[in-house]
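What follows is a short report on a single structure.
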Amino acid sequence: MDSPQVLNGMNAPRAAWPLVLAILLPLAYALVAPAAEPTPAPEAVAGQLRDAALAGHDVAYSWVSELTTRFGPRPAGSASEQHAAEWAAARLKALGFDNVHIESFPITAWVRGSESGSLVAPSAQPLVIAALGESPPTPATGVEGDVVIFRSLQDLVAAPGNSLSGKIAMVTQRMVRTQDGAGYGDAVAARTDGPKEAAQRGAVAFMLRSVGTDSHRMAHTGTTRYVDARVPVPSFALSNPDADQLERIAALGQIPRVHLFSGASYLTGAHSQNVIADVKGTTRAAEVVLLAAHMDSWDQGTGAIDDGTGTAIVVAAAKLMRDLPHRPRRTVRVVLVGSEEIAQPNAPFGDFGGNAYAASHLSELPEHVLAGESDLGADRIYSLALPASVAHGEFALATDRLLTPIGVLPAARPAEDGGADVGPLAKAGVPLFSMNQDATRYFDIHHTPDDTLDKVDRAQLDQNVAAWAAFIWLAADSDVDFRTPAAPRS
């Protein structure tokens, strides 16, 4: 008779040992292995991201510096816009983002060409002008006419039909400087709709006082609006000091007469593109928190504040999250939008990058839980507007605790207009938030040759990144429902 099998003083049939080991080994490991640290709470992680950005996380400044230095101005549909998009995709891949790709879409591009303006009567004086985007060229010899001044677009609209035959209409409304940039919305209608109204009354050209808050002798360009697939008359922005000069001439009882020339042209069959990159989520990865900014710029400066810094802010905020040892529950998506600045002759007529994204991702939009964009320069964020659904309650309180220490207060009203890049998403039902930046000085250089890197305040840029990173982590690493209206407070 064989003796029993003995091992470590324990008698057991040989066949039972795999079961014994399966039970005992994990218990033994648990006794000697260090306990795994629990995942930090979302608010604690958000605070860490905020503080890391304020400590001088260099991604944002290096991004906008390289973008504006390598590619300069990036008009929609141009080679520089396309090369910048390719560079951005390569940089995002190198930074470790997921799902990096470029999505192209067709546009009609506009090319400025040479331009000039001068006062020819009652005395000869040069004028500083800039053709408005999408404006047609003048004849080769230019266009000349007496100037009829209107204080506002409404005054122009009130002028009788054919009252401007052979003349040049000019709107001289001044933009009001405000912290929130509200003066822009009030003044910009003259730029978008003025050419149509002038043409309907027989004008041969249209001018307006630049939509800007500075008193420097440079003109602020910007898009005007197609009417029946064309802009009806050559249209120009005039520097604010030159607009003052024409008003003073008229106040002396004299009629200013000007000569204008533009060699602008259109490029049909062009294309622009959106650059997309993700920080992929974990347990709720199909749900997307979207951060947008636009890659294109006007052609006179280098697009540093409009909107190079916006792209830098959203990339840097997402990169801070990407570098954490764990990912948020929801996917954070960066969308660098193309062709934001220019209008188009076909529907939907503008914001083509934002509309192109919404159209190509239509089936996914029900899973887009929140969206916002950065497109007002890089001066400090002073308030945050949340979706109405979470404007009160624990999420809002947590946001306040995170952002109040860096000077970001709750906005007085919920977010309503997130901007051109995310507006098409809002129409599809995606909730918006708005990081409200100090725009006090933004419109001094907006759409001018002075939009260059030296205008970027690095400390304020870092504050933007801090606010974005902290807030987005709090939203992405949560199960908060931003779509469903909150129950009324008792």
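Observations on the structure shown:
Quick grid of which residues meet (1) among the basic types (Lys, Arg); (2) within 15 Å of His361 (Cβ to Cβ):
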position	(1), (2)
Asn274	no, yes
Asp278	no, yes
Ala286	no, yes
Val289	no, yes
Ala292	no, yes
Ile313	no, no
Lys319	yes, no
His326	no, no
Arg329	yes, no
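- Failed item in (1) at pLDDT below 95; (2) touching a strand residue (DSSP E or B) at 6+ places or on another chain (Cβ under 7 Å), with Ala203 passing the rest: (1)
- The helices (runs of 4 or more DSSP H) located wholly in the range 309-403 that include 3 or more residues which are more than 16 Å from Met295 (Cβ to Cβ) and either at pLDDT below 95 or in contact with a helix residue (DSSP H, G or I) (Cβ under 8 Å, 6 or more places away or on another chain) (or both) occupy 309-322, 394-403.
- Subset of the range 76-89 [within 18 Å of Val64 (Cβ to Cβ) and either touching a strand residue (DSSP E or B) at 6+ places or on another chain (Cβ under 8 Å) or crowded, with 24+ Cβ neighbours inside 10 Å (or both)]: Glu81, Ala84, Ala85, Glu86, Ala88, Ala89
- Candidates Leu425, Leu403 - the one that is in contact with a strand residue (DSSP E or B) (Cβ under 7 Å, 6 or more places away or on another chain), more than 24 Å from Gly303 (Cβ to Cβ), assigned by TED's automatic domain parsing to the domain that holds Leu49 and crowded, with 20+ Cβ neighbours inside 10 Å: Leu403
- Just so you know, in the range 217-240 the residues that are surrounded by 16 or more Cβ atoms within 10 Å (Cβ to Cβ) and over 20 Å from Ala109 (Cα atoms) include one that is nearest to the chain's Cα centre (by Cα), and it is Ala219.
- Of the set (1) of a type outside the set (D, E, K, R); (2) crowded, with 20+ Cβ neighbours inside 10 Å; (3) modelled with pLDDT of 95 or more, all apply to Ala420 but (3).
- Selection within the range 298-308 - closer than 15 Å to Phe71 by Cβ and either within 11 Å of the chain's Cα centre (by Cα) or part of a helix (DSSP H, G or I) (or both): Ala304, Asp306, Asp307, Gly308
- Scanning the range 358-405 for residues that are under 17 Å from Asp479 (Cα atoms) and among the acidic types (Asp, Glu) returns Glu367, Glu394.
- Asp481 meets all of the listed conditions (1) surrounded by 18 or more Cβ atoms within 10 Å (Cβ to Cβ); (2) more than 24 Å from Glu66 (Cα to Cα); (3) not hydrophobic (A, V, I, L, M, F, W, C) but one, namely (1).
One line per residue, one yes/no per condition, for (1) out of contact with any Gly (no Cβ under 8 Å at 6 or more places or on another chain); (2) assigned to a loop (DSSP other than H, G, I, E, B):
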residue: Glu416; (1), (2): yes, yes
residue: Asp421; (1), (2): no, yes
residue: Pro424; (1), (2): no, no
residue: Gly429; (1), (2): yes, yes
residue: Ala439; (1), (2): no, yes
residue: Pro449; (1), (2): no, yes
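- Failed condition for Met435, given (1) touching an Asp or Glu at 6+ places or on another chain (Cβ under 7 Å); (2) under 16 Å from Pro410 (Cβ atoms); (3) not in a helix (DSSP H, G or I): (1)
- Among the residues of the range 375-404, those identified as under 16 Å from Asp51 (Cβ atoms) and either free of Cβ contacts under 8 Å to residues at least 40 places away in the same chain or of a type in the set (D, E, K, R) (or both) are Arg401, Thr404.
- Failed item in (1) buried (at least 23 other Cβ atoms within 10 Å of the Cβ); (2) touching a strand residue (DSSP E or B) at 6+ places or on another chain (Cβ under 8 Å); (3) within 30 Å of Ser363 (Cα to Cα), with Ala470 passing the rest: (2)
- Filtering the range 282-295 to residues that are more than 17 Å from Leu92 (Cβ to Cβ) and assigned to a loop (DSSP other than H, G, I, E, B) leaves Thr282, Thr283.
The values are calculated or read from the model by the stated rules, or taken from the named source; none is laboratory data. The shown structure was predicted, so the numbers you read here are calculated from the model rather than taken from an experiment. Heads up, the Cβs are rebuilt from the backbone with ideal geometry, glycines too, and the neighbour counts pull from every protein chain shown.
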